[in-house]
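Participant: Before I ask anything, let me first share the structure, which is written out below as structure tokens.
The values are calculated or read from the model by the stated rules, or taken from the named source; none is laboratory data. Note that the structure is predicted; figures quoted are calculated from it, not measured. Using ideal geometry, Cβ is built from the backbone for each residue, glycine included, and neighbour counts are taken over all protein chains shown. Ligands, DNA and RNA are excluded from the accessible area calculation, which covers all protein heavy atoms including side chains. Shrake-Rupley method; radii C 1.70, N 1.55, O 1.52, S 1.80 Å.
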Amino acid sequence: MSTTDLKAYWRKNVRYLIILLTIWFLVSYGAGILFVDMLNKITIGGFKLGFWFAQQGAIYVFVILIFVYVNWMNKLDREFDVDEK
Amino acid sequence: MDAQTWTFIIVGITFALYIGVAVWSRAGSTAEFYVAGGGVPPVLNGMATAADWMSAASFLSMAGLIAFMGYQGAQYLLGWTGGYVLLALLLAPYLRKFGKFTVPDFIGERYYSQTARITAVICALFISFTYVVGQMKGVGVAFSRFLEIPFETGVIIGVGIVFFYAVLGGMKGITYTQVAQYCVLIFAYLVPAIFISILMVGNPIPQIGLGGTLEDGTYLLTKLDQLCTDLGFAEYTSSHKGLVDLFFVSAALMLGTAGLPHVIVRFFTVPRVKDARKSAGWALIFIALLYTTAPAIAVFARTNLINTVSDKEYATLPVWFANWEKTGLLKFEDKNGDGRVQYYNDQNEAFSNEVAAPKGWQGNELTVDNDIMVLANPEIANLPGWVVGLVVAGGLAAALSTAAGLLLVISSSISHDLLKKNLMPQISEKAELRAARIAIAVAVVGAGYFGINPPGFVAQVVAWAFGLAAASFFPAIVMGIFSKRMNMQGAVSGMLVGLLFTGAYIIYFKYGAGDPEEYLFGISPEGIGTLGMLINFAVALTVSYLTPPPPTAVQELVESIRIPRGSGIAGSH
């Protein structure tokens, strides 16, 4: 693999990480902690929204984030021909 | 059959199962002993990681902690799950590509320094030791409480079982036993939760039942908020303490999770880089199953508790109350001698003066241990005796699986990082394997001994293990992968400053004269690892830019771990 390719591959990888970790931060520290009082004014079913994020929602999003990452990276590996045979 | 007979039978069957699995998966080489030969399928590795990760504390104590903390309990829920996102995205795939046996291996090679390796070994040993002693204690408690076997005998039985499969099978034996242990523990956790959810809100899924309605049509959570405020407690679902500390504690638990050596090493056992990524996802699914159920159990249990005991006559309480009183987990002290149980927040002065005093209440009369929320669940919900046995077997599975994973880290730190990589580089594969077996045998026995006679610092597992992992390993590994410019000088000084700062803060506030009033920015010792991590990053980056870049060979190593292709079985290159 050439150096320019490696750089491009790595840049894309880092971009994915920034996107996913931003969401990671927003659902846990954002919705679950920093903005919890604001979100608690909204209720959905029996849940206050902030409370739900802090004790349920953020965890579901974490799982989704990892599988999105797996998917994106598998595609990226194939695109740059660095996947494992 | 009574609950105790059931407990004996179920615990006996599960132990026989673990031994059977161990005999079947004996390790023959160092690669099998340290990383299960690198051949564990990602889904099974996910299960093993989940069992490795969820300790006696997760299984027995967490739901109870949340029940009394309310919203604030989110720090454990977020902290002990969010770290897996960091693991999957920032660490696991690259460390798998690196393809060695241990975390100190990575630190030592990436920073081309024996000082760095030894610092990492000492941290790994200290973290794992603190952690494992707590697990052994948990095993003893479970035995003594349910089987009326003395505490010490309980610990010795636990030690015997772990000894057998860890010494024989190494990582291979441990991995497959952990898969079995995960199945036992999750089944044991979900069965009572599902029954109680059906009983209280008529929904078999506890995660949804948590937002359900009671028979009278009010939402469960609204009802619990009401019950809490009526007794002078803070509203269950609202934040009421400092969000800064909550933020820092959650972050320290996440970063610590991602930096704990016994968790990281699990990702060395899968065949390929893409399996390491996927495996972290599976691990989190299996963990989330328990972690999203726990808040539901917490709410069910707290509501049940208040409804059952609050201002009720002691003589009319259900049988389970008296049963649990015997164990000392529930304590009732009739302070005003009216024969009723007054359970309220006597720390709340306004409530004590305006509401409690006029009724003749003279202080809170009920003390409840955290562990009871999970343990007593089956009885509170009137479930059959075998469910009680199942819960005990689940608690033991959680404690044993975590202990085994930690013991492996201890033994590989000694036989691989210290002997092979430091003192005796000429040691043959066969001799190293023998040394690893001896090291794990000594570690198991040592853990058993300290489980019976725990040293004082072990009670602070959360502060120590997570604080140190967050302040030392996490930054060193992340920079080792993401910054080609990071050199030995930067990484070593960062780790040392991070460790000293975090360690000193914990010692000062946990064992010294420190008063919570003096907390830096209001951060408790449990959350200080986050600040330690930031300091580590800052010091490491500054020092590395003032000193020469790392050798070309190391820069090439970093480039090679960034791409998946070419990963062999761990240790084979």
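Participant: Please find, among B:315, B:356, B:296, the residue that is over 33 Å from the mean Cα position of the chain (by Cα) and open to solvent by less than 30 Å² (accessible area, probe 1.4 Å).
Facilitator: Numbers: B:315 fails: open to solvent by less than 30 Å² (accessible area, probe 1.4 Å); B:296 fails: over 33 Å from the mean Cα position of the chain (by Cα).
Answer to the check: B:356.
Participant: Still on this structure, I have one more. When you check residue B:33 against the structure, is it touching a residue at least 12 places away in the same chain (Cβ under 8 Å), open to solvent by less than 10 Å² (accessible area, probe 1.4 Å) and more than 14 Å from chain A (Cβ to nearest Cβ), yes or no?
Facilitator: Values: touching a residue at least 12 places away in the same chain (Cβ under 8 Å): yes; open to solvent by less than 10 Å² (accessible area, probe 1.4 Å): yes; more than 14 Å from chain A (Cβ to nearest Cβ): yes.
Considered against the rule, which asks whether it is touching a residue at least 12 places away in the same chain (Cβ under 8 Å), open to solvent by less than 10 Å² (accessible area, probe 1.4 Å) and more than 14 Å from chain A (Cβ to nearest Cβ), residue B:33 comes out as yes.
Participant: When region B:408-445 is examined, which residues are found to be assigned to a helix (DSSP H, G or I), without any contact (Cβ under 8 Å) to a residue 24 or more places away in the chain and small (Gly, Ala, Ser)?
Facilitator: B:431, B:435
Participant: OK, next. Please find, among B:248, B:267, the residue that is within 13 Å of chain A (Cβ to nearest Cβ), open to solvent by 10 Å² or more (accessible area, probe 1.4 Å) and either under 22 Å from the mean Cα position of the chain (by Cα) or not aromatic (Phe, Trp, Tyr) (or both). Write out each step before concluding.
Facilitator: Values: B:267 fails: open to solvent by 10 Å² or more (accessible area, probe 1.4 Å).
Matching residue, one of B:248, B:267: B:248.
Participant: Counting just the residues of region B:554-573 that are more than 10 Å from every other protein chain (Cβ to nearest Cβ) and open to solvent by 70 Å² or more (accessible area, probe 1.4 Å), which one comes out modelled with the lowest pLDDT?
Facilitator: B:573
Participant: Checking residue B:416 against (1) touching a Phe, Trp or Tyr at 6+ places or on another chain (Cβ under 9 Å); (2) under 21 Å from residue B:299 (Cα atoms), only one condition comes out false. Which one?
Facilitator: (2)
Participant: Further question: Can you tell me how many residues within region A:1-44 are of a type in the set (A, V, I, L, M), more than 9 Å from every other protein chain (Cβ to nearest Cβ) and in a loop (DSSP other than H, G, I, E, B)?
Facilitator: Residues that pass the stated criteria total 1.
Quick grid of which residues meet (1) outside any helix (DSSP H, G or I); (2) modelled with pLDDT under 90; (3) open to solvent by 30 Å² or more (accessible area, probe 1.4 Å); (4) away from every other protein chain (no Cβ under 14 Å):
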{"site": "B:278", "(1), (2), (3), (4)": "no, no, yes, no"}
{"site": "B:283", "(1), (2), (3), (4)": "no, no, no, no"}
{"site": "B:288", "(1), (2), (3), (4)": "no, no, no, no"}
{"site": "B:311", "(1), (2), (3), (4)": "yes, yes, yes, yes"}
{"site": "B:320", "(1), (2), (3), (4)": "no, yes, no, yes"}
{"site": "B:331", "(1), (2), (3), (4)": "yes, yes, yes, yes"}
{"site": "B:337", "(1), (2), (3), (4)": "yes, yes, yes, yes"}
{"site": "B:362", "(1), (2), (3), (4)": "yes, yes, yes, yes"}
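Participant: Another question about this same structure. Can you find a residue in region B:232-239 that is part of a helix (DSSP H, G or I) and either of a type in the set (Val, Ile, Thr) or more than 30 Å from residue B:341 (Cβ to Cβ) (or both)? Before you say what the answer is, go through the steps one by one.
Facilitator: So the first thing to find is which residues in region B:232-239 are part of a helix (DSSP H, G or I), and the list is none.
There is no residue in region B:232-239 that is part of a helix (DSSP H, G or I) and either of a type in the set (Val, Ile, Thr) or more than 30 Å from residue B:341 (Cβ to Cβ) (or both).
Participant: OK, next. Filter region B:92-119 down to residues that are assigned to a helix (DSSP H, G or I) and within 14 Å of chain A (Cβ to nearest Cβ), then give me how many there are.
Facilitator: Here is the first cut: in region B:92-119, the ones assigned to a helix (DSSP H, G or I) are B:92-98, B:103-110, B:114-119.
Checking which are within 14 Å of chain A (Cβ to nearest Cβ) leaves us with B:92-94, B:96-97.
Number of matching residues: 5.
Participant: Picking from B:522, B:512, B:529, which residue would you name as being touching a residue at least 24 places away in the same chain (Cβ under 8 Å), of a type outside the set (A, V, I, L, M) and on the phi < 0 side of the Ramachandran plot?
Facilitator: Details: B:522 fails: on the phi < 0 side of the Ramachandran plot; B:512 fails: touching a residue at least 24 places away in the same chain (Cβ under 8 Å).
Sole residue among the options that is touching a residue at least 24 places away in the same chain (Cβ under 8 Å), of a type outside the set (A, V, I, L, M) and on the phi < 0 side of the Ramachandran plot: B:529.
Participant: For region B:71-82: of the residues being open to solvent by less than 10 Å² (accessible area, probe 1.4 Å) and not polar (S, T, N, Q), which is farthest from the other protein chains (Cβ to nearest Cβ)?
Facilitator: The qualifying residue farthest from the other protein chains (Cβ to nearest Cβ) is B:79.
Participant: What are the residues in region B:204-220 that are open to solvent by 60 Å² or more (accessible area, probe 1.4 Å) and more than 7 Å from chain A (Cβ to nearest Cβ), if any?
Facilitator: B:204, B:205, B:208, B:215, B:216, listed by residue number.
Participant: Aliphatic (A, V, I, L, M), surrounded by fewer than 18 Cβ atoms within 10 Å (Cβ to Cβ) and under 28 Å from residue B:297 (Cα atoms): does that describe residue B:376?
Facilitator: Judged against the criteria, residue B:376 is not a match.
Participant: I would also like to ask the following. Is at least one residue of region B:460-469 aromatic (Phe, Trp, Tyr), closer than 20 Å to residue B:91 by Cβ and surrounded by fewer than 24 Cβ atoms within 10 Å (Cβ to Cβ)?
Facilitator: Of the residues in region B:460-469, the ones aromatic (Phe, Trp, Tyr) are B:464, B:466.
Subsequent filtering for residues that are closer than 20 Å to residue B:91 by Cβ retains B:466.
Now restrict to residues that are surrounded by fewer than 24 Cβ atoms within 10 Å (Cβ to Cβ): none.
No.
Participant: Filter region B:479-494 for residues that are surrounded by fewer than 17 Cβ atoms within 10 Å (Cβ to Cβ) and either under 29 Å from the mean Cα position of the chain (by Cα) or at pLDDT 95 or above (or both) and give the result.
Facilitator: If the condition is that a residue be surrounded by fewer than 17 Cβ atoms within 10 Å (Cβ to Cβ) and either under 29 Å from the mean Cα position of the chain (by Cα) or at pLDDT 95 or above (or both), then B:482 is the only one that fits.
Residue-wise test of (1) assigned to a helix (DSSP H, G or I); (2) within 12 Å of chain A (Cβ to nearest Cβ); (3) open to solvent by less than 10 Å² (accessible area, probe 1.4 Å).
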residue: B:43; (1), (2), (3): yes, no, no
residue: B:57; (1), (2), (3): yes, no, no
residue: B:69; (1), (2), (3): yes, yes, no
residue: B:84; (1), (2), (3): yes, yes, yes
residue: B:90; (1), (2), (3): yes, yes, no
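Participant: Still on this structure, please answer the following. Determine which member of the set B:413, B:401 is hydroxyl-bearing (Ser, Thr, Tyr) and within 30 Å of residue B:556 (Cβ to Cβ). Give the steps one after another, and end with the answer.
Facilitator: Details: B:401 fails: within 30 Å of residue B:556 (Cβ to Cβ).
Answer to the check: B:413.
Participant: If you go through region B:126-142, how many residues are aromatic (Phe, Trp, Tyr) and surrounded by fewer than 24 Cβ atoms within 10 Å (Cβ to Cβ)?
Facilitator: First, pick out the residues of region B:126-142 that are aromatic (Phe, Trp, Tyr): B:126, B:129, B:131.
From what's left, surrounded by fewer than 24 Cβ atoms within 10 Å (Cβ to Cβ): B:126, B:129.
Residues flagged as aromatic (Phe, Trp, Tyr) and surrounded by fewer than 24 Cβ atoms within 10 Å (Cβ to Cβ) within region B:126-142 amount to 2.
Participant: Looking at this structure, is residue B:174 open to solvent by 10 Å² or more (accessible area, probe 1.4 Å) and of a type outside the set (Ser, Thr, Tyr)?
Facilitator: Working: open to solvent by 10 Å² or more (accessible area, probe 1.4 Å): no; of a type outside the set (Ser, Thr, Tyr): yes.
No, not satisfied.
Participant: Among the residues of region A:45-85, how many are free of Cβ contacts under 8 Å to residues at least 60 places away in the same chain, of a type in the set (A, V, I, L, M, F, W, C) and facing chain B (nearest Cβ under 8 Å)?
Facilitator: Matching residues across region A:45-85 total 12.
Participant: Here's something else I'd like to know. Restricting to region A:70-85, count the residues that are surrounded by fewer than 18 Cβ atoms within 10 Å (Cβ to Cβ), charged (D, E, K, R) and part of a helix (DSSP H, G or I).
Facilitator: So the count comes out to 3.
Participant: OK, next. Which one is surrounded by the fewest Cβ atoms within 10 Å (Cβ to Cβ) among residues in region B:495-534 that are assigned to a helix (DSSP H, G or I) and touching an Asp or Glu at 6+ places or on another chain (Cβ under 7 Å)? Reasoning before the result, please.
Facilitator: Filtering region B:495-534 for residues assigned to a helix (DSSP H, G or I) gives B:495-510, B:516-518, B:520-522, B:525-534.
The next check asks that each one be touching an Asp or Glu at 6+ places or on another chain (Cβ under 7 Å); those that pass are B:522, B:527.
Numbers: B:522: 15, B:527: 30.
Step by step, filter region B:495-534, then rank; the result is B:522.
Participant: Within region B:14-30, take every residue that is of a type in the set (A, V, I, L, M, F, W, C), under 20 Å from residue B:184 (Cβ atoms) and touching a residue at least 40 places away in the same chain (Cβ under 8 Å) and give me the one that is surrounded by the most Cβ atoms within 10 Å (Cβ to Cβ).
Facilitator: Looking only at region B:14-30, we keep the residues that are of a type in the set (A, V, I, L, M, F, W, C), and these are B:15-17, B:19, B:21-24, B:27.
Subsequent filtering for residues that are under 20 Å from residue B:184 (Cβ atoms) retains B:15-17, B:19, B:21-24.
Still in the list and also touching a residue at least 40 places away in the same chain (Cβ under 8 Å): B:15, B:17, B:19, B:21-24.
Details: B:15: 19, B:17: 16, B:19: 17, B:21: 20, B:22: 25, B:23: 13, B:24: 11.
Here the residue is B:22.
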